[in-house]
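Asker: Provided herewith is a single structure, encoded as structure tokens, for subsequent inquiry.
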Amino acid sequence: MIKYRYLMAIFLFIASVSYADVSDKSLDKLLSLSGLESQINQYPDLIKVGLNEAKQKDHATSDTKYKLMLKSAEESIVPSIIINGMKASLKSSLNEEEVKKLLFWYESDLGKEITRAEENAATPEAYQQMMQSATSLLQNTQRVELANRFDTLSGSTDMTMRLQKYGSIAIYSAIMTAAQPNVPLNIAAYEAQLDAKDAQTRAETKQVVILSFVYAHQNIEIAKLKKYEAFLNDSTTIKFNKIITDSMNKELESSILKWASILAILLTK
């Protein structure tokens with residue numbers, strides 16, 4: 001009986017440690033160090049760029065309507081709300097030990113080096129340099145093979161495609177609502193058009209993602225990149241990436257529907 005109680009006490013202690021609630025401080029640090037917070041904070045600016053390009057092509061959109069689009073986008077696509085939604089999903093799916101494991105990587109010298117390299121490669125200037133040196137970068141077969149594995153493990157192509165898709169839907173919704181504010185949106189029909197081009201879009205997106213990995217990591221030793229691959233291949237990292245992807249989809253979709261609704265109200269006044 002004593003032995004049984006002793007074993008139960010150990011089990012309960014381990015369970016309480018393993019499944020302790022994740023602190024907000026830990027999640028804030030994880031979202032920041034992983035670069036996800038920075039990525040989401042840039043999303044409204046990408047929408048504005050897309051809206052501006054759409055306005056240049058569609059001269060029927062007046063300046064007044066364009067300003068309403070921007071105003072409603074700022075009210076609807078709020079990075080802090082998207083990040084809080086992602087945080088809630090992480091909190092309900094990860095335990096403190098899993099978060100600590102992820103933070104151990106992101107706080108390590110190598111984790112910081114790789115994250116910094118990837119963030120530096122995400123600027124418009126870096127993108128131009130990358131495209132100019134694309135041919136030579138893609139000739140390094142070892143790094144290209146590693147980049148392919150990074151993409152598979154991190155789901156980068158899938159995430160990029162979803163961001164592009166929701167961005168396109170957001171801009172389409174705004175343009176159509178501006179043109180016909182009293183007509184219900186038929187997003188399903190537009191999604192079907194995007195899905196029809198899915199194979200071609202995926203191939204093009206994957207090529208850019210692979211190139212981005214090779215460019216970002218070009219000055220990092222292969223041995224270090226293999227340690228990065230081991231991190232991405234860890235079950236906790238795979239779980240983390242899936243939660244992030246699913247929650248990001250949910251939050252972006254919610255933001256876009258909110259945007260269309262607010263814009264319709266503004267335009268019918």
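Asker: In region 55-88, which residue that is of a type in the set (Gly, Ala, Ser) and part of a helix (DSSP H, G or I) is farthest from residue 25 (Cα to Cα)?
Answerer: Checked region 55-88; the qualifying residue farthest from residue 25 (Cα to Cα) is 72.
Asker: Looking at 180, 164, 139, can you tell me which residue is closer than 20 Å to residue 211 by Cβ and loosely packed, with under 14 Cβ neighbours inside 10 Å?
Answerer: Answer to the selection: 139.
Asker: Quick check on region 218-237. Is at least one of its residues part of a helix (DSSP H, G or I), in contact (Cβ under 8 Å) with a residue 24 or more places away in the chain and over 30 Å from residue 126 (Cα atoms)?
Answerer: Yes, region 218-237 has at least one match.
Asker: Taking region 62-82 on its own, how many of its residues are crowded, with 21+ Cβ neighbours inside 10 Å and closer than 20 Å to residue 248 by Cβ?
Answerer: 4
Asker: Output the residues belonging to region 170-212 that are at pLDDT 85 or above and β-branched (Val, Ile, Thr).
Answerer: Listed by number, the residues that qualify are 201, 205, 208, 209, 210.
Asker: Out of all the residues in region 1-54, which are among the charged types (D, E, K, R), at pLDDT below 85 and under 30 Å from residue 124 (Cα atoms)?
Answerer: Passing the criteria: 45, 48, 53.
Asker: Taking region 137-172 only, how many residues are out of contact with any Ser or Thr (no Cβ under 6 Å at 6 or more places or on another chain) and not in a helix (DSSP H, G or I)?
Answerer: Here the count works out to 2.
Asker: Identify the residue in region 238-269 that is charged (D, E, K, R) and part of a helix (DSSP H, G or I) and, among all such residues, is surrounded by the fewest Cβ atoms within 10 Å (Cβ to Cβ).
Answerer: 242
Asker: Taking the conditions exactly as written (within 27 Å of residue 243 (Cβ to Cβ), of a type in the set (Asp, Glu) and surrounded by 15 or more Cβ atoms within 10 Å (Cβ to Cβ)), does residue 98 satisfy them or not?
Answerer: yes
Asker: For region 169-201, what are the residues that are hydroxyl-bearing (Ser, Thr, Tyr) and either touching a residue at least 40 places away in the same chain (Cβ under 8 Å) or under 17 Å from residue 266 (Cβ atoms) (or both)?
Answerer: 173, 177, 201
The values are calculated or read from the model by the stated rules, or taken from the named source; none is laboratory data. Since we're looking at a predicted model, the values are computed, not measured. Don't worry about glycine lacking a Cβ; one is built from the backbone with ideal geometry, like all the others, and counts go over all protein chains shown.
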